[in-house]
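Only one structure is covered here, and it is reproduced in the block below.
The values are calculated or read from the model by the stated rules, or taken from the named source; none is laboratory data. Since the model is a prediction, treat every value here as computed from it, not as a measurement. A quick note on method: Cβ atoms are made from the backbone with ideal geometry, for glycine too, and the neighbour counts reach across all protein chains shown.
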Amino acid sequence: MRKVFLSVAALALIFTSCENSGNEAEEQGLSSENQEIVISKDQCGTMGVLGEKLEQNPELASRMNAVELHTKEAIKNKLTSRLASDGTIEIPVVFHVIYRTESENISDSQLQSQIDALNEDFNLNNPARNTIPDEFASVESNVGVRFTLEQVIRVYSNKRQWRPDDSMKFTSSGGSDVVNPQEFLNIWVVNNMPYRGGNILGYAQFPGGDWSTDGVVLDHRFTGDTQYSTGRTGTHEVGHWLNLRHIWGDGGCGATDYVDDTPDADGPSRGCPVYPTVSCNSNNMTMNFMDYSDDECLNMFTEGQKERMMAVFTSGGFRETMAQ
Ligand SMILES: [Zn+2]
C-alpha cells in the first residue's frame, strides 16, 4: 500500500509514543511540503473511522448487518457469478481535489494514473502479477469492474490538514459535496490526514453508510503515480468501498475477513515481504491488495473477495444502481 519507509523522525515518534498521548503529528501540523511523511501504524484509517462512526451512530451497525446478510444470501444463491458473467461493470469516478498549495492541486494526468491503476488491479492487469506464488495464483480473480474519469472538482481550502471525520465531504465545512453517489464513486483528495500518531494514506466508507459521505478519501501523495505511490492505496480503499475487510480480519489468528480463500494471518504485512512469510500455520498472502505491503508488492484479489464485492451490485445490494 505504501512505498514510504518510516523516517528517523517517525521512528523517534514510535519510541516516544508510549510516554506521550500520541498526537504529535497533529501538533506538528505537518505540511505537505515536508517530504518526510510520518505514517501512522494504521496507515489505512478505514477501521478507526468506522469505530468512531459506530459510536456516534449505533443504527449504522444494523444497516451494515443488513448488507452482510444480503452478501451471504447473494453468494449462497449464486447471484454473484450470474452478475459477473453478464459483463463488465463500469464505475464513473468523480474526484474532489481539495488543495491549499499548487503541488496539492494534483494534475488531471495524476488522477488518470489512479484510474489506470484501478483498471489494472480490477481487471487482472497488475504489472507484477507474474510474481504471485503458485499457491495463490489459483485463486487470483479478474474482478471485472472498470473505472472511468467522470469529473474533476477542484476546491481551494486554507486548511493545512484534515481529520478523517468526513469534513472534506461537505462544502459547508470547506470541502466539496458528494456527487450522485448512487451512480458515481466519489474520491476526495486532500493534503494530509494526521490521525493516531501519524499520517494515514486514505480511508473509505463501507457499504451501508450514509450516502452523503459515501466514497474514498486519499492523501494527494498517494493518489496515482507519485514519488511515493503507484496507486495501490486507491485500490485498497476501493476494495473497502466494495465491502472488503483487511486480509488479517483486523484481529489476530481466527479473526475473519469474511472470505474463505484468503489465509488466516495474525496482522498486517509491511514493506515488501519475501515469500513465504508464515502466521497462524499458513503462508501469508502478503501480495493481496487488502494487506499493508508496499504498492509494488500488492498485486491480487481472490475469487472469494470478488464474490463479496460482486454481492453489493446484485439485486437488493447497496450498490445495485451502479450495475445497471
Ligand atoms: Zn484498509
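Residue pairs whose Cβ atoms lie under 6 Å apart, sitting 6 or more positions apart in sequence or on different chains, and linking a residue in the stretch 204-217 that is under 11 Å from Asn243 (Cβ atoms) to a partner that is within 14 Å of the ligand (Cβ to nearest atom) and of a type in the set (Phe, Trp, Tyr), are Ala204/Trp241.
When we screen Leu83, Leu111, Leu79 for residues that are under 27 Å from Lys306 (Cα atoms) and at pLDDT 95 or above, the only hit is Leu111. Note on the stretch 193-206: among residues that are more than 17 Å from Val97 (Cβ to Cβ) and away from the ligand (no atom under 12 Å from the Cβ), the one that is surrounded by the fewest Cβ atoms within 10 Å (Cβ to Cβ) is Arg196.
In the stretch 294-320, what residues are outside any loop (DSSP other than H, G, I, E, B) and within 23 Å of Thr233 (Cβ to Cβ)? Matches in the stretch 294-320: Asp295, Glu296, Cys297, Met300, Thr302, Gly304, Gln305, Lys306, Arg308, Met309, Met310. The residues of the stretch 207-255 that are among the charged types (D, E, K, R) and within 12 Å of the ligand (Cβ to nearest atom), listed by number, are Arg232, Glu237, Arg245, Asp250.
Quick grid of which residues meet (1) charged (D, E, K, R); (2) surrounded by 16 or more Cβ atoms within 10 Å (Cβ to Cβ); (3) under 15 Å from the mean Cα position of the chain (by Cα):
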{"site": "Thr235", "(1), (2), (3)": "no, yes, yes"}
{"site": "Trp248", "(1), (2), (3)": "no, yes, yes"}
{"site": "Pro276", "(1), (2), (3)": "no, no, no"}
{"site": "Glu320", "(1), (2), (3)": "yes, no, no"}
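Looking only at the stretch 266-293, residues that are more than 14 Å from the ligand (Cβ to nearest atom) and in a loop (DSSP other than H, G, I, E, B) come to 14 in all. Residue under question is Thr46, and the condition is that it be surrounded by 19 or more Cβ atoms within 10 Å (Cβ to Cβ) and either among the charged types (D, E, K, R) or under 27 Å from Val179 (Cα atoms) (or both); does it hold? In short, yes. Is it true that Trp211 is surrounded by fewer than 16 Cβ atoms within 10 Å (Cβ to Cβ) and among the aromatic types (Phe, Trp, Tyr)? Answer is yes for this residue. When every residue of the stretch 171-181 is checked against the conditions, none turns out to be within 16 Å of the ligand (Cβ to nearest atom), outside any strand (DSSP E or B) and in contact with an Asp or Glu (Cβ under 9 Å, 6 or more places away or on another chain).
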